[in-house]
Amino acid sequence: MLGDHSDADSQNAFVTRISKNVLEQSSVGMISTIGDPNSDQDASMIGTDFNYRTTKFLTDKTLRASIYSMANHDEPTNWSYAHGTGISYPNEFIDARISYYQIDDEFKPKLGFTRRTGVRRYSSGLSIRPRTEKLTWLRKYHISYYNSIYTTLEDQIESQKHSIYLPYLDFESGYRFSFEIEREYDRPDRDFSVSGGGVVPFGAYWWTDYNLDVDLPDAGLLNGGFGYVFGDWYHGEKDSVYARVGYDPFKWLNTSLSYSHSSFDLPDAEFDAQLSSLNLRLNFSPDMGWSHLVQHDNISDSVGYSTRFFWEFQPGKKAYVVLRQNYGDEDDGSSLRDLYIRNSEFSVKAQTTFRF
């Protein structure tokens, strides 16, 4: 059951997933959803997938491949579709992959989220990861290249991103360091406004970012990481700093605090974007937990809160209780003490697995 503070009554929604192992290490499956949590209109989605996996490729290497297709139906748009495929070679020395998917203009499942519609996405990646036998302090290093290209359904390029890691270092101590060069392209088809009163004119833009990143060891009382990004942004410049600190004093308690600050300098505007978040997770047992997330950003000047309780009361049978709320003021200079609930969503979910 899902409910919120809108005019729609609480609605029931259902998700069914069926998967069967085939061949030696592969699987075939289907998924279906029924219901719209935000209205009383009929909506449904059905999909199927095949996932191939073998660890005997070239004698002892791993090879994976997948193909999937989905069809969505709702009252306003009738039928819409999405499909994709991919193949990967995820091995210790070489990790390579290539994938493709297409999403129709009107493919917007009511139970789910689609970041972009009316697009085709092509992506690939290659990572060389040799071990260092003579350097005892260095576990291994990566030299990697990844890309993603989005086009319209008529194959006109909308945006693309190319990332090179030179290098990614994985130390025996657990620390990790990377230097990334990212080349990005975007072609907005209309002017759009940004904070500070600035405008990015329509047209084609190429820009380059440089990212220095350090990660702390995952094990131990403290964990986290920090980094610095600098470079171009459309027809201006930007730089960002970010950090995350995790503190896990007990097995049953995990906490983390994250913060990022980005400065943008355009010809007609300057503005800052800040995002901070606090995570807390209580682990009552391996089968029961309660997580909380509080997040604030200065652009929308709002506070978001999300909490989720889960319980696997029997193997394969899980229950979830989820509450999401967004708080804001009246845009009149009010303080945080005057925040009110802009929207709220409450849901109860049950999941069961049948083995046959």
### Summary
How many residues of segment 99-113 are crowded, with 16+ Cβ neighbours inside 10 Å and either of a type in the set (A, V, I, L, M) or outside any strand (DSSP E or B) (or both)? The answer is 7
#### Entry: Criterion: over 18 Å from residue 47 (Cα atoms) and out of contact with any His (no Cβ under 6 Å at 6 or more places or on another chain) - qualifying residue of 122, 81, 101
122
### Message
Return the residues of segment 141-197 that are within 17 Å of residue 115 (Cβ to Cβ), among the hydroxyl-bearing types (Ser, Thr, Tyr) and surrounded by 15 or more Cβ atoms within 10 Å (Cβ to Cβ); say none if nothing qualifies.
### Response
148, 150, 151, 159
### Query
Would a scan of segment 129-145 turn up a residue that is touching a Leu at 6+ places or on another chain (Cβ under 8 Å) and closer than 26 Å to residue 45 by Cβ?
no
### Query
Considering segment 271-306 alone, what residues qualify as being outside any strand (DSSP E or B) and of a type in the set (Ser, Thr, Tyr)?
300
### Query
Is one or more of the residues making up segment 243-256 in contact with a strand residue (DSSP E or B) (Cβ under 6 Å, 6 or more places away or on another chain), under 27 Å from residue 188 (Cα atoms), in a loop (DSSP other than H, G, I, E, B) and not charged (D, E, K, R)?
no
### segment 290-318 residues that are farther than 21 Å from residue 347 by Cβ, paired with ones that are among the hydrophobic types (A, V, I, L, M, F, W, C) and part of a strand (DSSP E or B) (beta carbon under 6 Å, 6 or more apart)
296/303; 297/275; 299/273
### Message
Anything in segment 268-301 that is over 21 Å from the mean Cα position of the chain (by Cα), within 30 Å of residue 201 (Cα to Cα) and surrounded by 16 or more Cβ atoms within 10 Å (Cβ to Cβ)? List them, or say none.
### Response
269, 271
### Message
Which residue is modelled with the highest pLDDT, if the candidates are limited to segment 115-154 and must be more than 23 Å from residue 87 (Cα to Cα) and out of contact with any strand residue (DSSP E or B) (no Cβ under 7 Å at 6 or more places or on another chain)?
### Response
154
### Task
For residue 348, indicate whether it is aliphatic (A, V, I, L, M), in contact with a strand residue (DSSP E or B) (Cβ under 6 Å, 6 or more places away or on another chain), under 28 Å from residue 288 (Cβ atoms) and modelled with pLDDT under 90.
yes
### Message
Need the failing condition index for residue 218 against (1) assigned to a loop (DSSP other than H, G, I, E, B); (2) buried (at least 16 other Cβ atoms within 10 Å of the Cβ); (3) of a type in the set (Asp, Glu), just the number.
### Response
(2)
### Task
Hey, could you check segment 300-333 for residues that are of a type in the set (Gly, Ala, Ser) and within 20 Å of residue 273 (Cα to Cα) and say which is modelled with the highest pLDDT?
304
### Query
In segment 119-129, which residues are among the aliphatic types (A, V, I, L, M) and either under 11 Å from residue 146 (Cα atoms) or outside any strand (DSSP E or B) (or both)?
126
### Query
When segment 233-242 is examined, which residues are found to be surrounded by fewer than 17 Cβ atoms within 10 Å (Cβ to Cβ) and either touching a Lys or Arg at 6+ places or on another chain (Cβ under 6 Å) or part of a strand (DSSP E or B) (or both)?
237, 239, 241
### Summary
Within segment 1-59, residues surrounded by 16 or more Cβ atoms within 10 Å (Cβ to Cβ), acidic (Asp, Glu) and at pLDDT below 90 come out as 4, 36
### Query
Before we move on, is residue 116 in a loop (DSSP other than H, G, I, E, B), in contact (Cβ under 8 Å) with a residue 24 or more places away in the chain and either within 20 Å of the chain's Cα centre (by Cα) or exposed (fewer than 15 other Cβ atoms within 10 Å of the Cβ) (or both)?
yes
### Task
Would you tally the residues in segment 56-73 being of a type in the set (S, T, N, Q) and not in a strand (DSSP E or B)?
1
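The values are calculated or read from the model by the stated rules, or taken from the named source; none is laboratory data. These figures come from a predicted structure and were not determined experimentally. No Cβ is skipped: glycine too gets one built from the backbone with ideal geometry, and neighbour counts run over all protein chains shown.
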